[in-house]
Structure formats: C-alpha cells, structure tokens
Amino acid sequence: MEETCGTLALEMPLAIHPRKLAGPWTLGYALDFQTSSSTFIGYNAFGHPEFDTKRPPVGELPYQLENRGDAAAIDPLAEAAAAFIMGWPVDVIVPIPPSNTAWKRQPVIEVAGAISNKTGDPVCQPASRRSRTQGS
C-alpha cells in the first residue's frame, strides 16, 4: 500500500492508521490502536477470565513480541514506523519507558533500535519511568 507523507510517497509494509499523541513532546504518533475489540468468553480452568481479542496487524505484532517472545515481530514494526517517519526532520527517537523493567528483553527498546538502524536517527534511551507499576 502506498501512503503519502507530504510530497514523499512511501511503500508501507503494514497497514497503519496513525494516531497523533498529545503530550509534553513536539510530535508523537501511535501507528494504530493495539486492540480493535475484546469480548469476554468465560473463565478458564483456573478461574481466570478469557477474552476473544481482535487486533489490527500492527497491534498483533507488539502482542506477539511482548507476550509470546516472538522477535520476528521487531522488523515489520520497525519497517512500518521507519516508512511512516522517513523524510521527517527527526532529531531523536524516544521510546516510551518499558512497562515491566524486570523483563530480560525490552521490546520497546528493541523496536526503537531497529527503527534507528533503518532511518539513521539516534535513539534516546528513556530518561524516565512509568509512574505506576504493571497491573495497577
């Protein structure tokens, strides 16, 4: 699929639906929603709720990376993000702080590094941390 960003035509590796993010930064985007729907389907044998969750392709990849440890998701995510920002005057790529610092692998940092490798833009390691812990 070809998308136009300004006057630059880009070949988009994944279908994306960018969402502008408001915050104390100059400009930020999410490539799409992570989840399009989630329907409660009952409880498993351990009494935990289960859901039938639908995700757009660019939402499924982070899920597979974070929850299934599938490192093959890094490159398609990085390709989509790099194509989206290509030609923009990017000073630095700033990944969000990891949601769980106890994880051996940090998916957000790995994807940011892969985007950097594709665009040549430097990565600034998160200088902050989340204000709440996972699950609160």
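The values are calculated or read from the model by the stated rules, or taken from the named source; none is laboratory data. All of these numbers come straight from a predicted model, not from anything done at the bench. Don't worry about glycine lacking a Cβ; one is built from the backbone with ideal geometry, like all the others, and counts go over all protein chains shown.
Key figures
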item: The one condition in (1) over 22 Å from the mean Cα position of the chain (by Cα); (2) surrounded by 10 or more Cβ atoms within 10 Å (Cβ to Cβ); (3) modelled with pLDDT of 95 or more that PHE46 fails to fulfil; result: (2)
item: Residue in the range 85-93 that is at negative phi, part of a helix (DSSP H, G or I) and in contact (Cβ under 8 Å) with a residue 12 or more places away in the chain present; result: yes
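Matching residues to (1) part of a loop (DSSP other than H, G, I, E, B); (2) over 14 Å from ILE85 (Cβ atoms); (3) modelled with pLDDT of 85 or more:
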| position | (1), (2), (3) |
| --- | --- |
| ALA9 | no, yes, no |
| TRP25 | yes, no, no |
| ASP32 | yes, yes, yes |
| THR35 | yes, yes, yes |
| PHE40 | no, yes, yes |
